[in-house]
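Peer 1: Starting off with a structure, shown below.
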Number of protein chains: 2
Amino acid sequence: MVYALRHFPGDLYPINPKADEILGFKVYPSLTAIDGSADLVILTVPAKGCASVLVEAGENGAGAALIISGGFGETGGEGKTVQDEILSVCRRYGIRLLGPNTAGFGNPKAGVSANFTPWIGQLKAGSIGVVSQSGAMNLILASLIHSRQLGISLATGIGNGADVGVADVVEYLADDPDTKVIALYLEGVREGRRLYEAVRHATEKKPVIVFPVGEADIGDFAISHTGNLMGSFALKKAALIQAGAVVVSSSNDLADAANLLSKVRLKAHPDPGVGLLTGQAGPGMVIADYLRSHSVRLPELGPSTVERISRLIPPMTFIRNPVDTGRPSPTFRDVMLAMAEDPVIDVLVTFAIHEPAVIDPVALFGEIKEKIRHPLVFGTAGFPEDVLPTQEGLEANNVASYVSPDRTARATRALIEDAKAAYRKEQRDKEGPGDLIPVDPIEKAPDEASAKSILEKLGIRTPSRVVCRSHQEAKKGFVELGPPCVLKILARGITHKTDVGGVYLNIRTEEELLSGLAEIDKIETTGEKRYLVEEMASEGLEMMIGAKNDSSFGPTVLIGLGGTEAEALNDVAMRLAPLSLFDAREMIGELKSSVLFDGWRGGPMYSKEELAETLVKIGGLISGHPEIKEMDLNPVRVYERGLTVLDAVIICN
Amino acid sequence: MVYALRHFPGDLYPINPKADEILGFKVYPSLTAIDGSADLVILTVPAKGCASVLVEAGENGAGAALIISGGFGETGGEGKTVQDEILSVCRRYGIRLLGPNTAGFGNPKAGVSANFTPWIGQLKAGSIGVVSQSGAMNLILASLIHSRQLGISLATGIGNGADVGVADVVEYLADDPDTKVIALYLEGVREGRRLYEAVRHATEKKPVIVFPVGEADIGDFAISHTGNLMGSFALKKAALIQAGAVVVSSSNDLADAANLLSKVRLKAHPDPGVGLLTGQAGPGMVIADYLRSHSVRLPELGPSTVERISRLIPPMTFIRNPVDTGRPSPTFRDVMLAMAEDPVIDVLVTFAIHEPAVIDPVALFGEIKEKIRHPLVFGTAGFPEDVLPTQEGLEANNVASYVSPDRTARATRALIEDAKAAYRKEQRDKEGPGDLIPVDPIEKAPDEASAKSILEKLGIRTPSRVVCRSHQEAKKGFVELGPPCVLKILARGITHKTDVGGVYLNIRTEEELLSGLAEIDKIETTGEKRYLVEEMASEGLEMMIGAKNDSSFGPTVLIGLGGTEAEALNDVAMRLAPLSLFDAREMIGELKSSVLFDGWRGGPMYSKEELAETLVKIGGLISGHPEIKEMDLNPVRVYERGLTVLDAVIICN
């Protein structure tokens, strides 16, 4: 650690009772021996020795501490107690703590490499802020950024995050004027809601790009690593996107996206248009294919642009967008301008293989940048040693470049995702989130009939029904509602009614009713058993709505295609609640099965709007009732107009 | 081109009627003026001038030609005629033609850089064979391989592929002793079946890795590029995997996978076990998460291995697999050996950040390689200039290394996919493909009843039925079959019977029958209208089976979850036919919805076996009947035992 910090421009006090000198620095026997208060105390002593050092630090008036050592919360049991102990010392003295169990952090501009891996000291100062739960991933991301000739503003490994967590650093970087983009590596999230809020506020000011892991079951390993549970990957990802972050799926993609987004950012836009100009068709195909299959639009150029370009390049080329000039000629520049001036284009991506004889990208972009206000992305290919001077020249002009069509495409996608996320946030904020909906106190374990009554209070339609205590009442109910009816068991503890033979559909005669009642009477229950007689709903599209108060992310809402078989395909969309109507519409649109609403295969249209309104109501309910653990409306039958909730389960804490 | 070829070790004859000398080479006025026969004639003249030059080449006795120029088939119309013309000249003289419309090829070992981009001449000779439809992607792949300090055996751009196509080069590389792995970039495929066979044979000898594009709709651009239609991306991908290729999704992944697979290959294995040893938990999580979420197994180590490792590393670490040693110590080597010696491990992946003070990977792998026969993969992170010597040292030991956890994981996955594909091929070959099934000649446009009769000849169950020409016959049929019945319209040209109101389910009374008949009578048809009365099938799991004779890939079979709603989710699996039973079982297993067969949510089990047998039969039928354009069995109702095809459409050419 002393070696890593040897060039620190301020005062450095190595402390060790057994040494006089380390690497030429005078060594102090204890914190009490140093002059004045330390800004930061770094602990590389074993877990059990940390508390007493922190007390010394507190007495010294130190502002912050970094604990490198492991052996705390991540080991469970006793380690957890030690972690609680050091945290309480820190709280007592007002010390902010990074770690324990982290390699540390680096701030090149300030000359601080408080990290046990010495090469963090060689990082260049720049505009990318890195936050990582894992100390090693912090180093890896920093090195990938450095490999791209880019600099960092801060690179922080969180470790166990006993005090300073990911959300704190995101909040800090959001306000840090040296940071233009935040790059975040994320494992399990303990305080998801706080992170969501931190990212949401940060993206108002600068892009946040996240590489989350945990898609597969790596939970045990994750706990052993930083003591954090992994939680639901799908929920984590949905929450980050909802907060306005761009989610990527590798550390290389994270570094590439951070490169572009540290240089340019699009204004909020529902669906920006990318213009793609390529000197070679093959890489143009690779880029266009990637972008289109990831919902990025390459709009067809206007007729006047096509006309203008057709006068600039040979007749055999493709000019609708992508524009394939064939091997670049001196008109390449004019084609770029023509594309950029077409109003359908918001971003201009240019690809050209390294061929100094036919194209000089540094000169080209140097000139073009003055004429075009759109974000520019440049992709190329060639030997690293040949391409590097071009990349450095472009970097000096603040133009991001990538040595492969794939990387060009992935970074471009991140730029577009950021603008789309900003648009969604704008729309949501314009509308405001749905209100929290407090209804009467909810009983501890509402049965289906009570659950449906709660929904009715929100104005959500459920079938007409009669709750019956006897066969006699059921017969009366049947007559009241008229055939066809549905007969269901009503008993606490039985939520999967179909599985126990407790549901009878399409009852048309009293005989059928009695036979159903007889079957239900055979089911064993612990408490009182009643019968639910309901009107039979007509056919429609079956969806499901779920909601829960997640231990990390708080109130959340989920929608998916209903029915057992569809559930196996796991076509769902999630959001943190409360929702705006805009969110709810987006959730429905996100589903693969959303095509079913719009006359799929000549079928009927189904009302998305009423479904969206129902989602907003459920979001309000779950947000207003922390005592609800989870709820499940399945199926929700959607019609051309309106919908009916056929079954509802509410489980309280 | 002369510049690119200036170091060619054989005789080079520049030909141009207007020049005496190019770059110091004597220039000849025409092909007739050179001594002897040319091995290769390279044409850089306009499209219309090519035919006469090829005639000269033919008279000269030239063996092969390369046409760089564009303006042929890719432009449609007249260009296509010119392409046919040059092809017929080549055929007449027995000249093999590369191109037209390609940048050319390079063979570093032979010193041939027949490519208009001069830097192809700087490529190192090595063991990776590159094939690309796009000339530019050929260059890009070669440069990405070169950037990884690796060499190529051959790098070929196919262009329009008028004569020599992708399949030809794959066949050549399969037998080329210098080539250890084939890396292929693929757009549209004209002769899919031939490519399938070429890849299938090649993978017997060496790995084939493919990066296909065309997931999004980029068809128009593709045609303008090489004149090839894109076809179905899903089918192309399925066929390549069936042929034993590893399919990747970027050019960087292609280069990284080629690196590893040029060095090591696993034996055929149904599901190889990866051991992951990491010096840092974070990157270990990234690798484990990627592998697990892409169906790569990290098996738990045996108790004796765990016991052995626990004596080697500190107690706070995770040792079940991944094994996280914490910062590498001198015992790292022994942990590697312990893991490799566990019988559950087939591949050992090691990750350690670049820290020369604690680990020397070159020395470590140099020693370990002698002791371990398993394939080894090394991942690291650090500044490129620091890491390069390590990578070169490992390369000299034939160990592939990657500078990031993601790239390490992706390359490892490719290694595993190759072994799994080889296993599937072994199983299929052991069993042999299903027989072609020729039944009686199939009438031009079979109606539902005829289509079902064809299925019955194959022993596939369909509902009992009566074809009726009158209400009277229908009433008789209804009595014969007994309630409940299904009534359907039977008329040529009406395939979507439900959409026109031509299907009535669950008919229980003669009254209901007559009302259905009356409705059917209202439907307008062009030809004869008949009625189909069928027994009503009981409830079960609805699947669909499709088959077609694809214009590029020939006979193919598809399976998916049945029902309109499920179709929107597009959960399907495809194979080229004929199929073995092994293939058919795999297809079912590939579906997300395959969980529905195994008692999903406490539901019944459904017979996969009979469904697999049906797939094999349909594969045999479509293979034995090229006159069938496509067929659609939807729904196929699957039961705990057996299945019934409820509707069948066969469309002939």
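The values are calculated or read from the model by the stated rules, or taken from the named source; none is laboratory data. Worth saying up front: this structure is predicted, and the values here are computed from it rather than measured. We place every Cβ from the backbone using ideal geometry, glycine too, and count neighbours over all the protein chains shown. Surface accessibility is based on the protein's heavy atoms, side chains included, excluding ligands, DNA and RNA. Shrake-Rupley method; radii C 1.70, N 1.55, O 1.52, S 1.80 Å.
Peer 1: Let me have the 222 nm mean residue ellipticity of chain A computed from DSSP H runs of 4+ only, each contributing -39500 (n - 2.57), with the sum over all residues rounded to the nearest 500. Before the final figure, lay out the partial values.
Peer 2: Numbers: 20 runs with 241 residues, N = 653.
-11500 deg cm²/dmol, from helical runs alone.
Peer 1: What is the set of long-range amide H partners of A:Lys180 at a cut-off below 5 Å, with H atoms built 1.01 Å from backbone N?
Peer 2: Those lying under 5 Å, H to H, from A:Lys180 are A:Ile128, A:Gly129.
Peer 1: Residue by residue through segment B:339-354, what is 3J(HN,Hα) from phi via Karplus (6.51 cos²θ - 1.76 cosθ + 1.60, θ = phi - 60°)? Round to whole Hz and write x for glycine and proline.
Peer 2: Karplus values, whole Hz, x for Gly and Pro: 5, 4, 7, 6, x, 6, 9, 10, 9, 10, 9, 10, 10, 8, 4, 4.
Peer 1: How big is the accessible area of B:Tyr290 in square angstrom, nearest 10, if you roll a 1.4 angstrom probe over the protein chains?
Peer 2: 40 Å²
Peer 1: I would also like to ask the following. What whole-number value in Å² describes the accessible area per residue of segment B:319-459 for a 1.4 Å probe? All intermediate terms of the calculation are to be shown ahead of the outcome.
Peer 2: Details: 5490 Å² over 141 residues.
Computed with neighbouring chains in place, this is 39 Å² per residue.
Peer 1: Then there's this: Just reorder A:Ile67, B:Ile68 by solvent-accessible area, largest first, 1.4 Å probe, all chains present. Walk me through the numbers on the way to the answer.
Peer 2: Details: A:Ile67 0, B:Ile68 25 Å².
Descending accessible area places them as B:Ile68, A:Ile67.
Peer 1: Next question, about the same structure. At q = 0.21 Å⁻¹, work out log10 I(q)/I(0) for segment B:471-584 with the Debye formula, treating every Cα as an identical point scatterer and leaving solvent out; two decimals please.
Peer 2: -1.08
Peer 1: How far, in nm to one decimal, is B:Val55 from itself in the other copies if the label point is set 7 angstrom along Cα toward Cβ? Shortest first, please.
Peer 2: For B:Val55, the inter-copy label distances come out at 10.3 nm.
Peer 1: Could you give each residue of segment A:241-248 its phi-based ³J(HN,Hα) in whole Hz, using Karplus coefficients 6.51, -1.76, 1.60 with θ = phi - 60°, and x for Gly or Pro?
Peer 2: Computed from phi, the couplings for segment A:241-248 are 5, 4, 6, x, 7, 9, 9, 10 Hz.
Peer 1: Taking 8 Å as the Cα distance limit and 6 or more residues as the minimum spacing, I'd like the relative contact order of chain B as a percentage. Intermediate values should be presented prior to the final figure.
Peer 2: Working: 1387 pairs, mean separation 58.8, N = 653.
RCO, chain B: 9 percent.
Peer 1: Once amide H atoms are placed 1.01 Å from N in the peptide plane, what residues at a sequence separation of 5 or more from B:Val27, or on another chain, have their amide H within under 5 Å of its amide H?
Peer 2: B:Glu21, B:Ile22
Peer 1: At a 1.4 Å probe, which residues in segment A:346-365 are at least 40 Å² less accessible with all protein chains present than in their chain isolated?
Peer 2: Buried on complex formation: A:Ile353.
Peer 1: Label position 7 Å from Cα toward Cβ: report the copy-to-copy distances for B:Lys430 in nm, one decimal, ordered from shortest.
Peer 2: 6.3
Peer 1: Where the accessible area of segment A:426-527 is counted over protein heavy atoms with a 1.4 Å probe, how much of it, in %, is carbon and sulfur? If you can, show how the numbers build up before the last one.
Peer 2: Working: 2990 of 5850 Å².
Ligands and nucleic acids excluded, carbon and sulfur give 51 percent.
Peer 1: Have a look at B:Leu458, B:Gly111, A:Ala281 and report the one farthest towards the positive end of the charge dipole of the protein assembly as shown, computed about the Cα centre with Cβ charges (Lys/Arg +1, Asp/Glu -1).
Peer 2: Projecting each Cα onto the dipole axis, the largest value belongs to B:Gly111.
Peer 1: Let me ask something else. Please report, in debye to the nearest 20, how large the charge dipole of the protein assembly as shown is about its Cα centre when each Lys and Arg carries +1 at its beta carbon and each Asp and Glu carries -1 there.
Peer 2: Details: 132 positive and 170 negative charges, 170 e Å.
For this selection, approximately 820 debye.
Peer 1: How tilted is helix B:405-431 with respect to the longest principal axis of chain B? Cα atoms for both, answer in degrees (0 to 90, nearest 10).
Peer 2: 50 degrees
Peer 1: Quick one: which bits of segment B:101-133 get at least 10 Å² less accessible when the partner protein chains are in, versus the chain alone, with a 1.4 Å probe?
Peer 2: When all protein chains are present, B:Phe116, B:Thr117, B:Trp119, B:Gln122 each give up 10 Å² or more of accessible surface.
Peer 1: Report the local net charge at A:Thr32: Lys and Arg +1, Asp and Glu -1, summed over other residues whose C-beta lies under 12 Å from its C-beta. Please list the in-between numbers first.
Peer 2: On the way: positive: none; negative: A:Asp35, A:Glu56, A:Glu59.
Local charge sum for A:Thr32: -3.
Peer 1: Sticking with this one: Any idea how far the Cα center of segment B:337-397 sits from the one of segment B:557-616, in Å?
Peer 2: Spelled out, the Cα-based centre of one part sits 42 Å from the other.
Peer 1: Could you work out the per residue convex hull volume over the alpha carbons of the protein assembly as shown, in cubic angstrom?
Peer 2: 204 Å³
Peer 1: Note down the nm distance, to one decimal, between modelled labels 7 Å out along Cα→Cβ at B:Asp598 and at A:Thr526.
Peer 2: Each label point is offset 7 Å from its Cα along the Cβ direction, giving 3.1 nm.
Peer 1: Here's something else I'd like to know. State the antiparallel share, in %, of DSSP beta bridges confined to segment B:18-170, rounding to the nearest 5. Kindly include the intermediate steps, with their values, before the conclusion.
Peer 2: Working: 8 of 21 bridges.
Here the antiparallel bridges make up roughly 40 percent for segment B:18-170.
Peer 1: Which lysines have a Cα lying under 27 Å from the Cα of A:Lys444, excluding residues fewer than 8 positions away in the same chain?
Peer 2: Filter leaves A:Lys452, A:Lys457, A:Lys488, A:Lys497, A:Lys522, A:Lys529, A:Lys548, A:Lys617, A:Lys629.
Peer 1: Sticking with this one: Using a 1.4 Å probe and counting only protein heavy atoms, arrange B:Thr495, B:Thr203 so the residue with the most accessible area comes first. Don't jump to the answer; show the numbers that get you there.
Peer 2: Working: B:Thr495 65, B:Thr203 10 Å².
So the residues, ranked largest to smallest area, are B:Thr495, B:Thr203.
Peer 1: Okay, moving on. I need the Debye-formula profile for segment A:73-178: one equal scatterer per C-alpha, no solvent, reported as log10 I(q)/I(0) at q = 0.10, 0.16 1/Å, two decimals.
Peer 2: Values, matching the q order: -0.29, -0.70.
Peer 1: Something else about it: Of A:Ile353, A:Val503, A:Ser293, whose Cα points farthest to the positive end of the dipole of chain A (charges on the beta-carbon: +1 Lys, Arg; -1 Asp, Glu; origin at the Cα centre)?
Peer 2: Working it through, the farthest residue towards the positive pole turns out to be A:Ile353.
Peer 1: Using heavy-atom solvent-accessible surface (probe 1.4 Å) with all chains present, what is the largest-first order of B:Arg320, A:Arg92, A:Arg327? Display every interim value, and only then the final one.
Peer 2: Details: B:Arg320 90, A:Arg92 155, A:Arg327 110 Å².
Most to least solvent-accessible, the answer reads A:Arg92, A:Arg327, B:Arg320.
Peer 1: Where along chain B is the Cβ that lies nearest the axis linking it to chain A, and how many Å separate them?
Peer 2: Residue with the nearest Cβ, plus whole-Å distance, for chain B: B:Leu569, 3.
Peer 1: So, one more: Rounding to the nearest 10 and keeping the result within 0 to 90°, find how far the Cα-based axis of helix B:166-175 lies from the longest principal axis of chain B.
Peer 2: Tilt relative to chain B: about 60 degrees.
Peer 1: Defining the label point at 7 Å along Cα→Cβ, can you sort the distances from B:Arg492 to the same site in each other copy, shortest first, in nm?
Peer 2: 6.9
Peer 1: Counting only GluC sites (Glu not before Pro) that are in a DSSP loop and have at most 14 other C-beta atoms within 10 Å, tell me the longest site-free stretch of chain B. Don't skip to the end; give the middle numbers.
Peer 2: Numbers: sites that count: B:Glu300, B:Glu443, B:Glu524, B:Glu528, B:Glu539, B:Glu627, B:Glu640.
Segment B:1-299 is the longest.
Peer 1: Next up: Determine the share of segment B:95-145's accessible area contributed by carbon and sulfur atoms, expressed in whole percent, with a 1.4 angstrom probe.
Peer 2: Working: 640 of 1140 Å².
Result for segment B:95-145: 56 percent of the exposed heavy-atom area is carbon or sulfur.
Peer 1: Accessible area lost on pairing A with B, both sides, 1.4 Å probe, Å² to nearest 100? Walk me through the numbers on the way to the answer.
Peer 2: Details: alone 29010 and 28990 Å², together 51380 Å².
Its buried surface, counting both partners, is about 6600 Å².
Peer 1: For chain A, with the dipole built from +1 on Lys and Arg beta-carbon atoms and -1 on Asp and Glu ones, taken about the Cα centre, which of A:Leu173, A:Leu394, A:Ala125 lies farthest toward the positive end?
Peer 2: It is A:Leu394.
Peer 1: Can you give me the accessible area per residue for segment A:129-169, using a 1.4 Å probe, in Å²? Walk me through the intermediate numbers first.
Peer 2: Numbers: 460 Å² over 41 residues.
Per residue, segment A:129-169 has an accessible area of 11 Å².
Peer 1: Over segment B:36-127, with the other protein chains present, what is the accessible area per residue in square angstrom, probe 1.4 angstrom? Let's see the in-between values first.
Peer 2: On the way: 3820 Å² over 92 residues.
Accessible surface, normalised per residue, equals 41 Å².
Peer 1: Considering only protein heavy atoms and a probe of 1.4 Å, how much of the accessible area of segment A:227-358 is carbon and sulfur, as a whole percent? Display every interim value, and only then the final one.
Peer 2: Values: 2460 of 4320 Å².
Ligands and nucleic acids excluded, carbon and sulfur give 57 percent.
Peer 1: Å³ per residue of the Cα convex hull, for segment A:414-524? Walk me through the intermediate numbers first.
Peer 2: On the way: hull volume 20.8 nm³, N = 111.
So the per-residue Cα hull volume is 187 Å³.
Peer 1: Mind checking the angle between helix B:471-481 and chain B's longest principal axis? C-alpha axes, 0 to 90 degrees, to the nearest 10.
Peer 2: So the helix axis and the longest Cα principal axis differ by about 80 degrees.
Peer 1: May I pose another question? Using a 1.4 Å probe, how large is the accessible area of A:Asp178, given in Å² and rounded to the nearest 10?
Peer 2: Near enough 60 Å² of accessible area.
Peer 1: Can you compute the charge dipole magnitude of segment A:29-95 about its Cα centre, using +1 on each Lys and Arg Cβ and -1 on each Asp and Glu Cβ, nothing else charged? Give it in debye, rounded to the nearest 20.
Peer 2: On the way: 4 positive and 8 negative charges, 26 e Å.
The dipole magnitude comes to about 120 debye.
Peer 1: Taking a probe of 1.4 angstrom, what is the accessible area of A:Asp632 in Å², to the nearest 10?
Peer 2: 60 Å²
Peer 1: For segment B:268-303, state which residues have at least 30 Å² less accessible area in the presence of all protein chains than in their chain by itself, taking the probe as 1.4 Å and leaving out ligands, DNA and RNA.
Peer 2: B:Ala281, B:Gly282, B:Met285, B:Val286, B:Asp289, B:Arg292, B:Ser293
Peer 1: In Å and whole numbers, how far do the C-alpha atoms of chain B stretch along each principal axis, longest first?
Peer 2: 94, 79, 36
Peer 1: Using the crude model of +1 on Lys and Arg Cβ and -1 on Asp and Glu Cβ, and no other charge, please compute the dipole size for segment B:315-372 relative to its Cα centre, in debye to 20. Provide the component values of the computation, followed by the final result.
Peer 2: Working: 5 positive and 9 negative charges, 21 e Å.
In debye, rounded to 20, segment B:315-372 gives about 100.
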